[in-house]
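Step one of this worksheet: look at the structure below.
Each reported figure results from applying straightforward, stated rules to the coordinates on display, with no laboratory input. What you see is a predicted model, and the numbers here were worked out from it, not measured in a lab. Here the Cβ is made from the backbone with ideal geometry for all residues, glycine too, and neighbour counts use every protein chain on show.
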Amino acid sequence: MRNTPPCSRRWQNPSPIPPPQGPPPADATAEPSVDQIKQYRTLSIRQDSLLKKEQELLTFFREDNPRVKDVRTQLTEVETLKKNLEDSFPRLAHTIVPVSTQPGAFVGGIDVAAEKARLGALEAKIKVLTSQLETAKTEAANLDLNEASILQLMRERDLAETNYRNYSTNLKNASNQ
């Protein structure tokens with residue numbers, strides 16, 4: 001194996017997902033077992049994960065890159081296993097697998113409680129930043145209003161300094177004569 005980081009190796013040699021257990025049922029309306037539902041769910045999650053990984057790799061590599069090809073090979077294998085399960089148990093394709101939404105539960109690799117907390121934190125941050133933006137806009141408007149009077153005062157100061165220098169110079173000239 002080439003010098004690839006450990007996180008990349010797990011995508012290159014994933015743990016194999018066993019093929020569907022048992023012979024296909026004679027009845028197309030037969031109910032899948034709990035193990036088969038779990039296996040189908042695992043395959044679905046794995047398929048989603050591989051699709052995301054493929055998209056992620058395509059942002060950095062071209063389609064002919066070995067990493068992309070490897071992920072696509074794995075994706076084909078998972079899709080084949082999933083299709084075999086669906087062929088054996090057609091109801092699996094239409095079964096909605098219940099997902100736990102208890103705090104700390106993972107849904108397709110996502111911690112729902114953590115994401116809700118993160119969402120709340122981001123909403124609070126948006127409110128604070130919006131408030132700061134409004135304050136900055138108000139201060140900028142006040143600065144624009146005060147700019148004219150500040151410029152007028154600066155002109156008056158410059159005029160007063162110029163007059164002072166002129167009077168001082170005239171006073172020195174008058175006392176020297």
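Return the distance in nm (one decimal) between the two label points of a simple spin-label model at Leu133 and Thr169, each offset 7 Å from Cα along Cα→Cβ.
Distance between label points: 5.4 nm.
Between Lys125 and Asn84, 0.36 nm times their residue separation minus their Cα-Cα distance comes to what? Don't skip to the answer; put the middle values down first.
Numbers: separation 41, 0.36 × 41 = 14.76 nm, distance 4.80 nm.
Full extension from Lys125 to Asn84 adds 10.0 nm.
Given 0.36 nm per residue, what is the gain on full extension from Ala113 to Ile45 after removing their alpha carbon distance, in nm? Write down the numbers at each step before the final one.
Working: separation 68, 0.36 × 68 = 24.48 nm, distance 1.92 nm.
Extra length from Ala113 to Ile45 when fully extended: 22.6 nm.
Relative to the Cα centre, what is the charge dipole magnitude of segment 112-177, using +1 at the beta carbon of each Lys and Arg, -1 at the beta carbon of each Asp and Glu, and rounding to the nearest 20 debye?
Around 180 debye, computed over segment 112-177.
With each pseudo-label sitting 7 Å past Cα toward Cβ, what's the Ala160-Leu145 distance in nm, one decimal?
Modelled inter-label distance: 2.5 nm.
Anything over 31 Å Cα to Cα? Flag those among Lys52/Lys125; Lys53/Lys116; Lys82/Lys125, in the order listed.
Numbers: Lys52/Lys125 29 Å; Lys53/Lys116 24 Å; Lys82/Lys125 43 Å.
Cα-Cα > 31 Å for Lys82/Lys125; rest within.
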